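Please see the structure below; I have some questions.
The values are calculated or read from the model by the stated rules, or taken from the named source; none is laboratory data. These figures come from a predicted structure and were not determined experimentally. Every residue, glycine as well, gets a Cβ built from its backbone with ideal geometry; the counts of neighbours run over all protein chains shown. Accessible surface areas use protein heavy atoms only, side chains included; no ligands, DNA or RNA. Shrake-Rupley method; radii C 1.70, N 1.55, O 1.52, S 1.80 Å.
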Amino acid sequence: MDYTAAQSGYRQQPNMRLRNNPAEAPDASPLFEDTSRVGPGAHPGGYRNQLAGPEAGAYPGQSILSDPMSNLAMAYGSSLASQGKEMVDKNLDRFIPISKLKYYFAVDTVYVGKKLGLLVFPYMHENWEVSYQQDTPVAPRFDVNAPDLYIPFMGFITYVLVAGLALGTQDRFSPELLGVQASSAFVWLIMEVLAVLLSLYLVTVNTDLTTVDLLAFSGYKYVGMIVGVIGGLLFGRLGYYLSLLWCCAAIFVFMIRTLRLKLLSEAAAEGKLVRGARNQLRMYLTMSIAAAQPVFMYWLTYHLVR
């Protein structure tokens, strides 16, 4: 039996027609505007870039930079800045040659080990002269006699840490007290270097020692101070005095043999001690600098061991 659509209760759906079918609706407007064919100089919707032309890619400051007066002002400002930088560098190099500080940190592990051994046991070392290459001292990593700033810098930091440890074992640790300990050690170091510079000026010694060299030689005493404090922490006051006494004698010998080549250059060049009041002053100055090291070592460490 044939059933029709009306009899079955179902109504046949009409065929759906595409809205944008170009065959059926050639004049229908699209739902979204096609901008894929818009040129680089035009905006969607038919608007063209009104800045198109030779100035389209120019930034706003180009006209200012193209001004001759602006270029002249920039050149004048650059010259003033370079002159000011040269003046600052020149004045700083009189006291601290910042451009040469890289030389004092050119060290390696082998150099540090040999230098520490030389500071603790300098008695068997024979050649104390600094090696030169074309009138320029070689880097410290190639010559154990060359001064450096790595060991004094790390020695100062280690001394402050060991001092904090010693204060902590005595229940006296506090950040303020540790800061006082570090600042006092730094101030004494600066005062020592300034006193040596003043003494060299009064005695009129012609030497190649710089301020950084004196800072390095004065900072080597921190190694002995660390050894003394650690000896006191491990073995009490007896260990402190014995280890500090050994390190004081070692730093005294080290400073004498190192500085005599710098301050007594004339006598060292001839291989004998030149008699005269001026050379006696140089010898006394050398011994005074060396003798001051044990005094500072004891002054900065005796209160850390009880």
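Would you check which residues across segment 187-203 are without any contact (Cβ under 8 Å) to a residue 24 or more places away in the chain and within 16 Å of LEU263 (Cβ to Cβ) and list them?
Those that are without any contact (Cβ under 8 Å) to a residue 24 or more places away in the chain and within 16 Å of LEU263 (Cβ to Cβ): ALA195, LEU197, LEU198, TYR201, LEU202.
Considering only helices (runs of 4 or more DSSP H) fully contained in segment 200-287, which possess at least 2 residues that are at pLDDT 95 or above?
Answer list for segment 200-287: 211-219, 221-263.
So, one more: Being of a type outside the set (Ser, Thr, Tyr) and over 21 Å from ILE226 (Cα atoms) is the filter here; which residues of segment 192-207 pass it?
Residues satisfying the conditions are LEU194, ALA195, VAL196, LEU197, LEU198, LEU200, LEU202, VAL203, VAL205, ASN206.
For segment 114-145, what are the residues that are open to solvent by less than 20 Å² (accessible area, probe 1.4 Å), more than 15 Å from MET255 (Cβ to Cβ) and not in a loop (DSSP other than H, G, I, E, B)?
PRO140
Between residues in segment 159-177 that are within 18 Å of TYR298 (Cα to Cα) and residues that are open to solvent by 70 Å² or more (accessible area, probe 1.4 Å) and in a loop (DSSP other than H, G, I, E, B), which pairs lie under 8 Å by C-beta distance while being six or more apart or on different chains?
Taking only residues 6 or more apart or on different chains, the pairs are GLY164/PHE173; LEU167/PHE173.
Next question. Considering every residue within segment 150-164, establish whether at least one is in a loop (DSSP other than H, G, I, E, B) and open to solvent by less than 90 Å² (accessible area, probe 1.4 Å).
no
In segment 91-105, is there at least one residue being out of contact with any Cys (no Cβ under 6 Å at 6 or more places or on another chain), open to solvent by 80 Å² or more (accessible area, probe 1.4 Å), at pLDDT below 95 and acidic (Asp, Glu)?
Within segment 91-105 (the criterion being out of contact with any Cys (no Cβ under 6 Å at 6 or more places or on another chain), open to solvent by 80 Å² or more (accessible area, probe 1.4 Å), at pLDDT below 95 and acidic (Asp, Glu)), the answer is no, since none of the residues qualifies.
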